[in-house]
1. Starting from residues that are in a helix (DSSP H, G or I) and surrounded by 13 or more Cβ atoms within 10 Å (Cβ to Cβ), keep the ones in region 48-58 and report whichever is modelled with the lowest pLDDT.
2. Which of the residues belonging to region 23-54 are without any contact (Cβ under 8 Å) to a residue 12 or more places away in the chain and among the basic types (Lys, Arg)?
Amino acid sequence: MSDAQNSTVWLTQEAFDKLTDELDYLKGEGRTTVSAKIAQARDEGDLSENGGYHAAREEQGQQEARIRQLEAMLRDAKIGEAPAGSKKVAPGMTVTIAYDDDPDDTDTFLLGSRELIGVTDTAIDVFSPQSPLGAAIVGAKKGQKVSYAAPNGSTINVTILEFGVYSG
């Protein structure tokens, strides 16, 4: 799978609009507000012991990181739903897997991001396409066996049982 396909982010129109509004706010009024906090704290004098100044600078750093994250998401976004007729697992789909070919040890989850897809249902687990499991199953077909390295270093084997467009 190419990097371009792997970086595609599927967004509902509602999620796209929400993220665009957040980005506009952060780049405009948000930056102005944080800059004003920094300037006000700077006017209080000694910066080395100025908690308000350090807090405002921390807030600025977090805000700039969020701006970069939103810009990347929106740059790679496709509006709509993941292709319904897809023969391969893709972000925006619910996926059911079996661990070690055990039909009694299955898991169903959303491949993507609650924020990006606009999912408010907390009953479904969500795995990022960049996570070890997500990266292993992107592009897999029904019945295909894949494996990935768990954070503890062990290899986990899964079989793709079902997948389809999330309809939550």
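The values are calculated or read from the model by the stated rules, or taken from the named source; none is laboratory data. Just so it is clear, the model here is predicted, and its values are computed rather than measured. When we count neighbours, we look across all protein chains shown, and the Cβ atoms used for this are built from the backbone with ideal geometry, even at glycine.
1. Kept after step one, since they are in a helix (DSSP H, G or I), are these residues of region 48-58: 48-49, 51-58.
Next, from what is left, pick out any that are surrounded by 13 or more Cβ atoms within 10 Å (Cβ to Cβ): 52-57.
Details: GLY52: 83, TYR53: 87, HIS54: 87, ALA55: 90, ALA56: 90, ARG57: 90.
Once the filter is applied, the top-ranked residue is GLY52.
2. ARG42
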